[in-house]
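Participant: Sharing a structure here in structure tokens format.
The values are calculated or read from the model by the stated rules, or taken from the named source; none is laboratory data. None of these values were measured; they are calculated from a predicted model. With ideal geometry, Cβ positions are generated from the backbone for all residues, glycine too; neighbour counts draw on all protein chains shown.
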Amino acid sequence: MPFNPWLGFVAETIVAMRRTFEVMARPPEPGQPDAGTPAAGLKQWATRHTVLAELPTMRVLDFSDGHGGPGAIIVAPYALHAATTADLARGHSVIGALLDAGVSRLVLTDWRRAGEAQRYLSIDSCLADLNAIVDDFGAPAALVGLCQGGLLAAVYAARFPAKISRLALVGAPIDIEAGSSLISTSVQHTLPFAIEAMLEQGNGILHGEQLMVAWPSQILDEPGICATLQIERVGAAVRQRFADWYHDLIDLPGVFYQQTVDWVFRENRFARGSFPALGRSVGLGEIGCPLFLLAATGDDVVNPKQLLAIASRVGTRKNEIITRLVEGRHLSLFMGKRILGEVWPDIARFLKGRPAQMASAAPSSGRAPGRRRNDKAKPT
């Protein structure tokens, strides 16, 4: 590497570390949630639910409408923001879109904020708890993985292929070498000692504010919210919901974060067939179930190629793979009114067990008639 660019790279790393340490030096804000609590437990959800189980890495929330029928497990991202990513507001909710389309049994992973007791939790810890959910839900089960939750869902499907009937991955970073993105570039430009220093300063915990410094603040202005939610104007209630979600940051276990950085974004182990998962190394070739892959053209957080490229590398038969590339931002995949109304009904049909080749090839806004959904959240 030429000398001057190398100096600039080091300077950027030092600046990033200084900003991180400044954040960590601040006293906790009043009202900050306790460590170990469910990450989204203090915020209002858009859809009524109950707590199905309490596990070391998560609460399991049940959004089922009581009608029985087909179901799915939603694996939310265990990253910067809380699991309300999947249930922001009416019209901007993955949960609502799937329920409206007739997926009547829905459970979701509500990941816990890391505290001293959680700092050593690992990717294996998450996979073990996910395994318990699948067993309780009933195998084989359908999984829906959102963003980095998609990576966990895919690894699980490779580790326990007989337990998964269908797998939908949305905006998920799977094959990092297929294209560059905000996350992968950020990791590649961060020296390993910087991450080690952050975790040491955090006593084995990666604080949400440390990750937030890399996110653009423009997302909170009027044009940013409208573009993300795919609406022309944003009302006061939705604006407040979005702001609450944006600022509801979670702290991550240091071991989990270090493994994610190294195994996913530095070493691309899953795509290379060497991802450690509960005592075995797994890779893309061990996924054999029907797949639905959804990516967005304007996603700068996860390059669409990092997801769509896996279609040619998994063990799934070609006629059982659906790929969709739609217009929108990263968050639009989970919150965008147009994508939720047009594409998620197709995901619902896929999850309900229709043969992949029969799923609609064009976006649809069809709704399942005759069902009712509670829009107010039940306190948990």
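Participant: Need the failing condition index for Glu232 against (1) out of contact with any Lys or Arg (no Cβ under 6 Å at 6 or more places or on another chain); (2) outside any loop (DSSP other than H, G, I, E, B), just the number.
Facilitator: Every listed condition holds for Glu232 apart from (2).
Participant: Is it the case, given these coordinates, that Ile133 is closer than 25 Å to Ser281 by Cβ, surrounded by 19 or more Cβ atoms within 10 Å (Cβ to Cβ) and either in contact with a strand residue (DSSP E or B) (Cβ under 8 Å, 6 or more places away or on another chain) or in contact (Cβ under 8 Å) with a residue 24 or more places away in the chain (or both)?
Facilitator: Answer is yes for this residue.
Participant: What single numbered condition from (1) among the aliphatic types (A, V, I, L, M); (2) more than 25 Å from Gly115 (Cα to Cα); (3) surrounded by fewer than 20 Cβ atoms within 10 Å (Cβ to Cβ) fails to hold for Ile225?
Facilitator: So Ile225 meets the others, but not (3).
Participant: Continuing with the same structure: Output the qualifying pairs, or none if there are none: Cβ atoms under 6 angstrom, residues six or more apart or on different chains, first residue in region 250-264 and within 11 Å of Val155 (Cβ to Cβ), second residue among the basic types (Lys, Arg).
Facilitator: From region 250-264, the pairs are Trp263/Arg269.
Participant: Mind listing whichever residues of region 89-99 are crowded, with 22+ Cβ neighbours inside 10 Å and either hydrophobic (A, V, I, L, M, F, W, C) or not in a strand (DSSP E or B) (or both)?
Facilitator: Correct list: Ala89, Val94, Ile95, Gly96, Ala97, Leu98, Leu99.
Participant: Can I ask one more? Please enumerate the residues belonging to region 173-191 that are farther than 23 Å from Ala76 by Cβ and touching a residue at least 12 places away in the same chain (Cβ under 8 Å). Before you say what the answer is, go through the steps one by one.
Facilitator: The initial filter retains those residues of region 173-191 that are farther than 23 Å from Ala76 by Cβ, namely 177-180, 185, 188-191.
Within region 173-191, Glu177, Ala178, Gly179, Ser180, Gln188, His189, Thr190, Leu191 qualify.
Participant: Next up: Quick check: is even one residue across region 300-307 of a type in the set (D, E, K, R), modelled with pLDDT under 95 and farther than 28 Å from Asp62 by Cβ?
Facilitator: Yes, region 300-307 contains a residue that is of a type in the set (D, E, K, R), modelled with pLDDT under 95 and farther than 28 Å from Asp62 by Cβ.
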